[in-house]
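Trainee: Have a look at this one.
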Amino acid sequence: MSDHPQPSADRLSTDVPHSARVWNYLLGGKDNYPADAEAGEMILRTFPDIAGVARDQRAFLVRAVRFLAGEAGIRQFLDIGTGLPTADNTHEVAQRTAPEARIVYADNDPLVLTHARALLTSTPEGACAYVDADVRDTGRIIEEAARTLDLSRPVGLTLLGIMGQLPDDEDPWGLVTRLIEVLEPGSYLALADGTDTSDTMNRAIEAYNTHSANSYHLRAPDRIAAFFDGLELVEPGVVRTSDWRPDPARSREDGPQGHAVSGVGRKP
């Protein structure tokens, strides 16, 4: 999938929780270590709804990519901060609608890289590649993505739960702007992140941040909506994750009540 060397053992720290592996635990996955499970249980004790937030974000990914590959006609995807492969990964959802779709994943967790090489297999008509890079290294991500994607054509950029991993002083809004600037008009951004509107979730994330290798930063819904500045929002706008074009069979009351918001925007 990529010509990067296998990750070195010193990058795979198993005794400190890592967000991708903790998220995998919350989703019921098996690709995590005791430290990740302990962190996940600590969050669940403080804020039991966090597992629902994780499931909601995954369900939003499916709906957003299905919209992009179907109604919007997008055939190229750049998924940054992909996390560990699970059911309904971006390429699987996109290639069900468009087998010729091309997808590039970017993450910097060595366990994610190992699993990506084994599990993220494209259709014969399309392509699937992986970039081993930190989200902050936008230049490297774009340079590597250009080996698989035609950046003269529109791209669907997905940033799910990843901007919250950057503190305000690292200007995550500027980072998103830099990524959008290099994409062609007609490209889309799909973004989701956790909000600071729940005291119990705030306490749970604060406890997680004291034990984890990386921190998460909850934000007010309007500050998350600001990531879409300059883009044309797709209806219904930036809303709680379970309310973004919900599947008809699912009750609107099933999801967590506004602990995360999501949206999709088009570059004019």
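Trainee: Which of the listed residues, T123, S215, M201, is farthest toward the dipole's positive end in the chain, when Lys, Arg count +1 and Asp, Glu count -1 at the beta-carbon?
Mentor: Farthest towards the positive pole: T123.
Trainee: What FRET efficiency comes out for the pair W173/T121, r = Cβ-Cβ distance, R0 = 35 Å, nearest 0.05?
Mentor: Values: r = 35 Å, r/R0 = 0.99.
The pair W173/T121 has a calculated efficiency of 0.50.
Trainee: Turning to a different aspect of this structure: Loop-only GluC sites (Glu not before Pro) in the stretch 18-121, please: DSSP not H, G, I, E or B, and at most 15 other Cβ atoms within 10 Å.
Mentor: Numbers: sites: E38, E41, E71, E92, E100; in loops: E71, E100.
Sparse-neighbourhood loop GluC sites (Glu not before Pro): E71, E100.
Trainee: About the Cα centre, and with charges only on the beta carbon of Lys, Arg (+1) and Asp, Glu (-1), how big is the dipole of the chain? Nearest 20 debye, please. Don't skip to the answer; put the middle values down first.
Mentor: Details: 26 positive and 41 negative charges, 132 e Å.
Computed charge dipole of the chain: roughly 640 debye.
Trainee: To the nearest Å, what is the center-to-center distance of the stretch 157-215 and the stretch 127-149, using C-alpha atoms only?
Mentor: 18 Å
Trainee: So between V182 and S215, what do we pick up on full extension, going 0.36 nm a residue minus the alpha carbon distance?
Mentor: In short, 9.1 nm is gained.
Trainee: Averaged over every viewing direction, what's the projected area of the C-alpha convex hull for the stretch 156-224? Give it in nm², one decimal, please. Display every interim value, and only then the final one.
Mentor: Numbers: hull surface 20.6 nm².
If you wrap the Cα atoms of the stretch 156-224 in a convex hull and average its projections, you get 5.2 nm².
Trainee: Å³ per residue of the Cα convex hull, for the chain? Write out the running numbers ahead of the final one.
Mentor: Numbers: hull volume 32.1 nm³, N = 268.
Each residue corresponds to 120 Å³ of Cα convex hull volume.
Trainee: Could I have the simple spin-label model distance between R203 and R136, label points 7 Å from Cα toward Cβ, reported in nm to one decimal?
Mentor: Computed distance between label sites R203 and R136 equals 3.2 nm.
Trainee: Show that you can apply the helix-only estimate: for the chain, add -39,500 (n - 2.57) for every DSSP H stretch of four or more residues, divide by all residues, and state [θ] at 222 nm to the nearest 500. Don't skip to the answer; put the middle values down first.
Mentor: Values: 9 runs with 95 residues, N = 268.
Mean residue ellipticity, 222 nm, calculated: -10500 deg cm²/dmol.
Trainee: Ranked highest first by the average count of other Cβ atoms within 10 Å around their residues, in what order do 173-186, 45-58 fall? Intermediate values should be presented prior to the final figure.
Mentor: Numbers: 173-186: 15.8, 45-58: 19.6.
Those peptides, ordered most packed to least, come out 45-58, 173-186.
Trainee: While we're looking at this one, here's another question. Show log10 I(q)/I(0) for the stretch 80-158 at q = 0.12, 0.20, 0.26 Å⁻¹, two decimals, from a solvent-free Debye sum over equal Cα scatterers.
Mentor: Treating every Cα as an identical point scatterer, log10 I(q)/I(0) equals -0.30, -0.87, -1.41.
Trainee: Then there's this: Based on the alpha carbon coordinates of the stretch 117-268, what radius of gyration and maximum Cα-Cα distance (Dmax) apply, in Å?
Mentor: Computed over the Cα atoms of the stretch 117-268, radius of gyration and Dmax are 16.7, 48 Å.
Trainee: Among A101, L149, M163, flag the residue with its Cα farthest along the positive direction of the charge dipole of the chain, charges on Cβ as +1 for Lys/Arg and -1 for Asp/Glu.
Mentor: A101
Trainee: Additional query: Quick one: which residues, 5+ away or cross-chain, put their amide H under 5 Å from the amide H of D193? H built at 1.01 Å from N.
Mentor: Here G161, V261 satisfy the definition.
Coordinate-derived values only; no laboratory data. None of the values given here were measured: they were computed from a predicted structure. Here Cβ is always computed from backbone atoms with ideal geometry, including for glycine, and neighbour counts include all displayed protein chains.
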